[in-house]
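Okay, structure first, notes after.
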Amino acid sequence: MSLPSRIETVIVGAGQAGLTMSWFLRQAGREHLLVDRRATLGGGWQDRWDAFRLVSPNWTASFPGAPYDGDDPHGFMPRREIADRVAAYAAKIDAPVHLETAVERLAARRGGGFQLETTGGSIEADQVVVAAGSFHRPRLPVIAADLPARLSQLHSHDYRSEGELPPGGVLVVGTGQSGVQIAEELMDAGREVHLSVGTAGRVPRRYRGSDIFRWLHGLGTHGDAIGVSLPTVDQLPDPRARLMGNPHLSGHGGGHDTNLRQFAVAGMTLLGRIEGVTGEQLSLADDLHTNLGRADAFFDERFRESCDRFIERSAIDAPPDERVPFAFEPPVLRELDLAAAGISTVIWTTGYRLDYGWLDLPILDDQGLPRQHRGVSEVPGLHFLGLLWQRNQLSATLMGPAIDAGHLAAAMGLPEIEWEGLGMPGAPSDQPRSAPSISSSSGSSSTSSA
């Protein structure tokens, strides 16, 4: 199917964010199309490793017009299932997707509107929604080039399974969600694992009797109505925090905490940040205990008070905090001999570089992120959905686009559209009595369960 030469709205990206925006446009009867560089539907979930599972419960895979309807709402989907669910959503809403169509240039047209140059042809559009996420190109630190040539090195983007790695120990660098889960997977497979600990925090799998995502979901969808919500991007102490790794936890084995101190007790060797390489010798920063302390404190500093206030103001009968501190202090190494440690592979879980080079518009800040407020850019008609910290830390998660899309739809001039929200099956209602219905004018959602 060939691209039209002109259309009202183009959505760049056909993952869950782009499809969510397509649903809103379809409900409003607005002409649009989606373009995606991939050959198949399923979004970025297709890039995850074989044993990947969601860190959020299955009920969070609820999209506008397609609430989760499976038989395991509190389980954690494997990679293939979530990719298939996104693809099925595109079919359910009859999204007008053009695959294998990459945008090479997006520029403003004289007199208004935009010109998109794609691998499938040129398109003129009145409005554009960029739903291409914020994880574009795997980032390898410069120091990777200094490691011995004998080592097998790969980014987590290219990691698929433990069995594909050469025999020997593995050094995993980075402790965001991917790094911690991959390190645990390798340890469970019997590998000797060294883990270089970064600055990412951790959150508990369960807090006050429920999965942590019950409370995050409640704060994201109902919090504004009762005066307690998640920290927003303008409340961050430093704009650079937008690019920090997501706090870690796991959906494997029915879901569990990922406490690095416990990993150390189980046999994983924890290291500080890598400062230098000389032959087989790594020099390590003396920051291991500091970073472990930051990870331990992250939830209490960032989310605990908001969760407690939400529970109180929503009159939810929740038990007290059941967490038990784990105080083990692993030894600190200031250097490591890679050969002596038997390490044959290095997996860099060091995140992604932003790549908005195809945006031929002066709207990027000094960190490479688009300047925008809740998805609305300073360029009339240009919008974003699914960005890192578009509004808060939920924005780039599985449920973030559905929460943020209502505000964006209103900014695009769509009529008010009510829908059923993102409910959590099998839980008492977390909806405050004063919460508004979700619509494109409010940008918030309400539901009978959370």
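The values are calculated or read from the model by the stated rules, or taken from the named source; none is laboratory data. On a predicted model such as this, the values are computed, not experimentally measured, just so you know. Cβ coordinates were reconstructed from backbone atoms using ideal geometry, including for glycine residues, and neighbour counts include every protein chain displayed. These accessible areas exclude ligands, DNA and RNA; they are computed on the full protein's heavy atoms, side chains included. Shrake-Rupley method; radii C 1.70, N 1.55, O 1.52, S 1.80 Å.
What to note about this one:
- Cβ separations smaller than 8 Å between residues 6+ apart or across chains give the following pairs from segment 274-294 residues that are among the β-branched types (Val, Ile, Thr) to residues that are in a strand (DSSP E or B): Ile274/Val173; Ile274/Ser196; Ile274/Leu282; Ile274/Ser283; Ile274/Leu284; Val277/Ser283.
- Being farther than 26 Å from Gly190 by Cβ and buried (at least 18 other Cβ atoms within 10 Å of the Cβ) holds for only one residue in Leu359, Leu338, Leu282, and it is Leu359.
- Any chance Gln390 is part of a loop (DSSP other than H, G, I, E, B) and either on the phi > 0 side of the Ramachandran plot or crowded, with 17+ Cβ neighbours inside 10 Å (or both): yes
- Qualifying positions in segment 302-317 - assigned to a loop (DSSP other than H, G, I, E, B) and either open to solvent by less than 40 Å² (accessible area, probe 1.4 Å) or closer than 17 Å to Val203 by Cβ (or both): Ser314, Ile316
- Filtering segment 49-64 to residues that are surrounded by fewer than 18 Cβ atoms within 10 Å (Cβ to Cβ) and either of a type in the set (A, V, I, L, M) or farther than 14 Å from Arg80 by Cβ (or both) leaves only Ala51.
- Which listed residue, of Gln153, Gln115, is touching a helix residue (DSSP H, G or I) at 6+ places or on another chain (Cβ under 9 Å), part of a strand (DSSP E or B) and open to solvent by 20 Å² or more (accessible area, probe 1.4 Å): Gln153
- Note on segment 24-48: residues that are more than 15 Å from the chain's Cα centre (by Cα) and either open to solvent by 30 Å² or more (accessible area, probe 1.4 Å) or hydrophobic (A, V, I, L, M, F, W, C) (or both) amount to 16.
- Extreme residue, surrounded by the fewest Cβ atoms within 10 Å (Cβ to Cβ), among residues of segment 65-80 that are free of Cβ contacts under 8 Å to residues at least 24 places away in the same chain and more than 30 Å from Glu164 (Cα to Cα): Asp71
- Residue, nearest to Leu271 (Cα to Cα), within segment 175-192, restricted to residues that are outside any helix (DSSP H, G or I) and within 24 Å of the chain's Cα centre (by Cα): Thr175
Okay, residues lined up against (1) open to solvent by 10 Å² or more (accessible area, probe 1.4 Å); (2) without any contact (Cβ under 8 Å) to a residue 12 or more places away in the chain; (3) not aliphatic (A, V, I, L, M):
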{"position": "Ala149", "(1), (2), (3)": "yes, yes, no"}
{"position": "Ser161", "(1), (2), (3)": "yes, no, yes"}
{"position": "Gly168", "(1), (2), (3)": "yes, no, yes"}
{"position": "Gln177", "(1), (2), (3)": "yes, no, yes"}
{"position": "Glu184", "(1), (2), (3)": "yes, no, yes"}
{"position": "Gly190", "(1), (2), (3)": "yes, yes, yes"}
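- Segment 213-257: number of residues that are surrounded by 24 or more Cβ atoms within 10 Å (Cβ to Cβ) and of a type in the set (S, T, N, Q): 1
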